[in-house]
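Visitor: Next up is a structure, given as structure tokens.
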Amino acid sequence: MTRPFDIRHYRGFFAVTCACLVILYAPLIIVMIYSFNDSASITNWGGVSLRWYVDVFTGPDSEKFKLAAWNSLSIAVMAATVSTTIATAAAIGMIRGGQFKGKSASFALISLPIMVPEIVTAVATLIFFSTIGFKLGTLSILVAHIVFCIPFAYLPISARLQGIEASFEEAAQDLYASRWATFRYVLMPIMGPGILSGFLLAFIISLDDFIITNFIKGAGVETLPTAIFGSVKQGIKPNIMALSTLLLMFSICLVTLSYFIGKRGEANPPPQT
Amino acid sequence: MTPAISLSQVRKDFGKFIALSDVTFDISDNEFFTLLGPSGCGKTTLLRLIAGFEDTSAGTIHLYGEEIENLPPDKRPVNTVFQNYALFPHMNVAQNIGFALKMLGWSTDEITSRVDEMIDMVRLGEFAHRKPSQLSGGQQQRVALARAMAPRPKVLLLDEPLSALDLKLRQQMRGELKTLQRETGITFIFVTHDQEEALSMSDRIAVMSAGKLQQIGSPNEIYEFPANRFVADFIGETNLIDASVTQVSGRRVTCKLADGETITALAHQDLQIGAAGIVSVRPESLSVTPTAPMGQSLTGTLGDAVYLGTDTQFTVHLDQSLELKVRMQNGVTDGAKLTAGDPVFVSIADGAARFLVD
């Protein structure tokens, strides 16, 4: 018997792991710590205070941030809703549609946006919008977000659907449910956890997007990431750290929620046989 | 009386694979009808064609005189008990049973009373609010049955519903299914590969193999008068011996076995002298004795004896290549101790041998 493979026995494993963790998380932790700094300087520690959090909500930039946050949230909710709907339809078509011509091509088309460098998508979208004369603004951001969120929503939804046996739908139809009723009362509830994780993933991706949004947002419209970037260009103030920390916490909450929904999905796996 | 189901020239292809061909038969009203065959014989495909999950490639299916092969599953008044039950995991027992009624637009009161009735029928009163995952296999089976019977289908389709249960429960469910069918008067079409299940429950059995109907008849007919080699071999145990007809008197033929001995057998159809075929004789209609018995017998040497509790199974070599299995009940025989290698006589119960044209 050879010793079972264990990555921890490789030399240098511990050092490399530590280096990776530090590089990944040290900046985040420093930002979080300094968001509680009382000093106006971003490098000198002046005691613990919540003044920069107060500043985010009441300071001179607060109106700008509030508007940007509202834009971000409303766009993320709408983009995630629409893209999840489209992704659900796509998943059902791909997985339950039987064999059809161009199935592999369809799958490639759905997932390609994940592979394409974001800057390319951003430039292409900008060129496309200006060619067809689509006015840049909140609506153009929304359309672009819907499009690039679809593959992210598609992945967890199709993974869930793949694990669901077709016999549930057959049973529903056998019991006099129309196609729509079969989806509404049987397939959708069983797919539920997948649809919800797809929605949350799309929501985070939209909320977080900077590159594409920055290209197509048009003049005067800001989302939270572009507003933060705009402020940082004029010098980093500690209120950015507070804002970033808030955004980080919000994301962590959503990801955790998504994780627990996934867990519940695992405890309630798509029933097999 | 219009048949419950009438199949005519039904055919199903999956690409180049012919799953069913030329299936034509009727299933009567109020019948417990079984489709029996090894896996891949097309029995489940036939059931799915009747349910509407697959389209026929050719032929027609009538349900009480009405042509149904072009209707979607939700427009056919037949319901299915699935092999894996396919209970909706997010609904409790009562919701599962009431699902079809809700889809049919019954009022809440009607649904409640019918669901209660069904829950009583399958004795799951205390489990009405449990989810399927909180039930045992046998209980899930009952829910599946209640769910499929709640909308009062004209025909109930059962796709190997007992195969996931353990032996004890399976035997118990056989009796319950049979009783349920008799009490409700619903036509049951039951699919199984288990011949014991088929023989013990069915009014009639259709034996299928390789997408074709092999024989249709009562359990007794299927077992006692198999139509061909496949049916004789598939149902129960049998000895199959190549033979040719030497003498004909009506359906009773005398035939010569490969080792030169002769036996008389009953044939299915009128035969000519010289016809070739096989003789099928069940092990339990043979007996082994050390001395020549009255009536017809064959001679051979005793091979091994296997003790099986109520029975003992003997192997008798008639010659180099020909051997017979003989099954005798323990305690009934005179207790003559037979040992391997002894010369023995094998006698055949009168009228037990069948001559089958291959």
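Visitor: Of everything in segment A:177-202 that's facing chain B (nearest Cβ under 7 Å) and open to solvent by 30 Å² or more (accessible area, probe 1.4 Å), which residue is farthest from A:Ile86 (Cα to Cα)?
Guide: Step one: filter segment A:177-202 for residues facing chain B (nearest Cβ under 7 Å), giving A:177-178, A:181, A:186, A:189-190.
After this cut, where a residue has to be open to solvent by 30 Å² or more (accessible area, probe 1.4 Å) as well, the list is A:178, A:189.
Values: A:Ser178: 21, A:Pro189: 17 Å.
Top of the filtered list is A:Ser178.
Visitor: Output the qualifying pairs, or none if there are none: Cβ atoms under 7 angstrom, residues six or more apart or on different chains, first residue in segment A:194-205 and within 15 Å of A:Ile164 (Cβ to Cβ), second residue of a type in the set (A, V, I, L, M, F, W, C) and open to solvent by less than 20 Å² (accessible area, probe 1.4 Å).
Guide: A:Gly194/A:Ile157; A:Gly194/A:Leu161; A:Ile195/A:Ile157; A:Gly198/A:Ala87; A:Gly198/A:Ala153; A:Gly198/A:Ile157
Visitor: Please work out if B:Leu213 is in contact with a Ser or Thr (Cβ under 8 Å, 6 or more places away or on another chain) and open to solvent by 10 Å² or more (accessible area, probe 1.4 Å).
Guide: Yes: the conditions hold for B:Leu213.
Visitor: Name the residues in segment B:85-137 that are basic (Lys, Arg) and in contact (Cβ under 8 Å) with a residue 40 or more places away in the chain, would you?
Guide: B:Lys131
Visitor: Moving on to the next point. Could you please find all residues in segment A:136-146 being surrounded by fewer than 23 Cβ atoms within 10 Å (Cβ to Cβ) and in contact (Cβ under 8 Å) with a residue 40 or more places away in the chain?
Guide: In the first step, residues of segment A:136-146 are kept if they are surrounded by fewer than 23 Cβ atoms within 10 Å (Cβ to Cβ); the result is A:136-140, A:142-143, A:146.
Within segment A:136-146, A:Leu136, A:Gly137, A:Thr138, A:Ser140, A:Leu142, A:Ile146 qualify.
Visitor: Another question about this same structure. Taking B:Leu177, is it touching a residue at least 12 places away in the same chain (Cβ under 8 Å), under 23 Å from A:Val186 (Cα atoms) and either buried (at least 20 other Cβ atoms within 10 Å of the Cβ) or assigned by TED's automatic domain parsing to the domain that holds B:Val191 (or both)?
Guide: When the stated conditions are applied, B:Leu177 does not pass them.
Visitor: So which of B:Phe314, B:Phe345, B:Phe355 is at pLDDT 85 or above, closer than 23 Å to B:Phe230 by Cα and surrounded by 10 or more Cβ atoms within 10 Å (Cβ to Cβ)?
Guide: Selected residue: B:Phe355, the only one of B:Phe314, B:Phe345, B:Phe355 that is at pLDDT 85 or above, closer than 23 Å to B:Phe230 by Cα and surrounded by 10 or more Cβ atoms within 10 Å (Cβ to Cβ).
Visitor: Here is a follow-up. Pick from B:Ile119, B:Ile97: which is more than 23 Å from B:Asp29 (Cβ to Cβ), modelled with pLDDT of 90 or more, surrounded by 20 or more Cβ atoms within 10 Å (Cβ to Cβ) and within 13 Å of chain A (Cβ to nearest Cβ)?
Guide: On inspection, the qualifying residue turns out to be B:Ile97.
Visitor: Ok, one more. When segment B:285-316 is examined, which residues are found to be within 25 Å of B:Tyr223 (Cα to Cα) and more than 31 Å from the chain's Cα centre (by Cα)?
Guide: B:Gly295, B:Gln296, B:Ser297, B:Leu298
Visitor: Separate question: Taking the options A:Ala159, A:Ala91, name whichever one is touching a residue at least 60 places away in the same chain (Cβ under 8 Å), more than 14 Å from chain B (Cβ to nearest Cβ) and of a type in the set (A, V, I, L, M, F, W, C).
Guide: Of A:Ala159, A:Ala91, the one residue that is touching a residue at least 60 places away in the same chain (Cβ under 8 Å), more than 14 Å from chain B (Cβ to nearest Cβ) and of a type in the set (A, V, I, L, M, F, W, C) is A:Ala91.
Visitor: Could you count how many residues in segment B:1-36 are open to solvent by less than 30 Å² (accessible area, probe 1.4 Å) and not polar (S, T, N, Q)?
Guide: Looking only at that region, the number is 15.
Visitor: Would you mind finding the one in A:Glu169, A:Glu165 that is within 11 Å of chain B (Cβ to nearest Cβ), touching a residue at least 12 places away in the same chain (Cβ under 8 Å), open to solvent by 10 Å² or more (accessible area, probe 1.4 Å) and outside any helix (DSSP H, G or I)?
Guide: Checking each option against the conditions leaves just A:Glu165.
Visitor: Just name the residue that is nearest to the chain's Cα centre (by Cα) out of those in segment A:35-72 that are without any contact (Cβ under 8 Å) to a residue 12 or more places away in the chain and closer than 30 Å to A:Val143 by Cβ.
Guide: A:Trp70
Visitor: If I filter segment B:63-94 down to residues being more than 8 Å from chain A (Cβ to nearest Cβ) and among the aromatic types (Phe, Trp, Tyr), which single residue comes out as surrounded by the fewest Cβ atoms within 10 Å (Cβ to Cβ)?
Guide: Here the residue is B:Tyr64.
Visitor: What's the number of the condition B:Ser39 fails, among (1) touching a His at 6+ places or on another chain (Cβ under 9 Å); (2) over 27 Å from B:Glu197 (Cα atoms); (3) open to solvent by 60 Å² or more (accessible area, probe 1.4 Å)?
Guide: Every listed condition holds for B:Ser39 apart from (2).
Visitor: When segment B:183-194 is examined, which residues are found to be closer than 24 Å to B:Ile235 by Cβ and either among the aliphatic types (A, V, I, L, M) or in a helix (DSSP H, G or I) (or both)?
Guide: B:Ile189, B:Val191
Visitor: What are the residues in segment B:31-62 that are among the aromatic types (Phe, Trp, Tyr) and away from chain A (no Cβ under 14 Å), if any?
Guide: Our first condition is that a residue be among the aromatic types (Phe, Trp, Tyr); within segment B:31-62, this holds for B:32-33, B:53.
B:Phe32, B:Phe33, listed by residue number.
Visitor: Now for a separate question. So, in segment B:124-141, how many residues would count as being closer than 18 Å to B:Pro161 by Cα and open to solvent by 50 Å² or more (accessible area, probe 1.4 Å)?
Guide: Qualifying residue count, segment B:124-141: 2.
The values are calculated or read from the model by the stated rules, or taken from the named source; none is laboratory data. Everything quoted here is computed from the prediction, not taken from an experiment. All Cβ positions, glycine included, derive from the backbone under ideal geometry; neighbour counts span all protein chains shown. Ligands, DNA and RNA are excluded from the accessible area calculation, which covers all protein heavy atoms including side chains. Shrake-Rupley method; radii C 1.70, N 1.55, O 1.52, S 1.80 Å.
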